[in-house]
1. Once the Cβ-Cβ distance between residue 35 and residue 153 is put in as r, and R0 is 45 Å, what FRET efficiency do you end up with, to the nearest 0.05?
2. Note down the nm distance, to one decimal, between modelled labels 7 Å out along Cα→Cβ at residue 115 and at residue 172.
3. Determine, from the Cβ-Cβ distance of residue 25 and residue 84 and an R0 of 35 Å, the FRET efficiency 1/(1 + (r/R0)^6), rounded to the nearest 0.05.
4. Per residue, how large is the accessible surface of the range 28-94? Use a 1.4 angstrom probe and give square angstrom.
5. Provide the gained length on full extension for the span residue 105 to residue 75, in nm with one decimal, where the gain is 0.36 nm per separating residue minus the Cα-Cα distance.
6. Sort 154, 82, 102 from largest to smallest accessible area, using a 1.4 Å probe on the heavy atoms of the protein chains.
Amino acid sequence: MSNTDPEFSSKPAALPEPAAPLALLGPAPLFEGENTAAYDELLARISGAVKPADIFEEIWVRDLVDLVWEALRLRRLKANLMTAMAYSGLEQILKPLVDRFMEEQKLAKAWAARDQGAIKRVDKLLASAGLTMDAVMAQTLSISLDDIERIDRMIATAEVRRNAILREVDRHRTTWGQELRRAAQQTEEAGFKLIEAQSDKTKTAA
C-alpha cells in the first residue's frame with residue numbers, strides 16, 4: 001500500500017469543521033487581540049464532542065464554548081494581573097534592603113521596564129536577603145488579593161454555568177430518548193393490535 005495513503009499519513013488528523021454559527025447568536029465574544037482561530041478550534045472540538053442534534057443543543061453548545069472561553073480568559077487575565085503588579089510587590093520587598101530614600105520605587109520601576117542594570121541589582125539584593133522571586137510574587141498576591149479573589153469568583157461562576165448547561169443537554173437527551181422509546185413502544189403495540197385484528201378477520205372468514 002502506498003505511504004501516501006491517508007491511513008498511514010504522518011500528518012495529524014484534521015479538526016472537525018465548526019458548525020455554521022446561528023445568526024441570532026452573533027459573532028464570537030472576543031476581546032481585542034484574542035485569537036479567533038483558537039476560539040474556532042474550541043468550538044469545533046466541543047461541537048465534535050457534543051454533536052448537537054437540534055437547535056436547542058446548538059444554542060447550548062455555543063453557550064458552553066463561550067463559558068469555557070471566559071474561564072480560560074479570566075485565568076489568563078489573573079496571571080497577567082500578577083505580572084503587571086509584580087513591580088508593586090517588588091517595591092515592598094526592597095524597602096528594607098535599600099539605603100537611599102525612595103530608591104525602591106525607582107529600582108522597581110526600572111526593573112519593570114526590564115532595565116538590565118536594575119534586574120541585576122534586584123537579583124543581588126534579593127539574594128543577599130535569602131529571597132527569590134517567589135517572595136516578590138507572594139507580596140504581589142497580597143497586594144492584589146481582592147482583585148484575585150474577585151476573578152476567582154467569576155471563574156467559579158462561569159464553571160457553575162458551564163456545568164448547568166451540560167446537565168441541561170443530558171436532561172434534554174434523556175427526555176428525548178424516553179419520548180423516542182415511548183413512541184416506539186406505542187408503535188409496536190399498535191402494530192401488534194393490527195396484526196391481531198387481521199388474524200381475527202382471517203379466522204372469521206375461514
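1. About 0.95, to the nearest 0.05.
2. 5.8 nm
3. The value I calculate is 0.60.
4. On the way: 3430 Å² over 67 residues.
Here the per-residue accessible area is 51 Å².
5. Between residue 105 and residue 75, full extension yields an extra 7.9 nm.
6. 154, 102, 82
The values are calculated or read from the model by the stated rules, or taken from the named source; none is laboratory data. Remember, predicted model here, so these are calculated numbers, not experimental data. Positions of Cβ are generated from backbone atoms using ideal geometry, with glycine treated the same way; all protein chains shown enter the neighbour counts. Ligands, DNA and RNA are stripped out before the accessible areas are found, and what is left, the full protein with its side chains, is counted by its heavy atoms. Shrake-Rupley method; radii C 1.70, N 1.55, O 1.52, S 1.80 Å.
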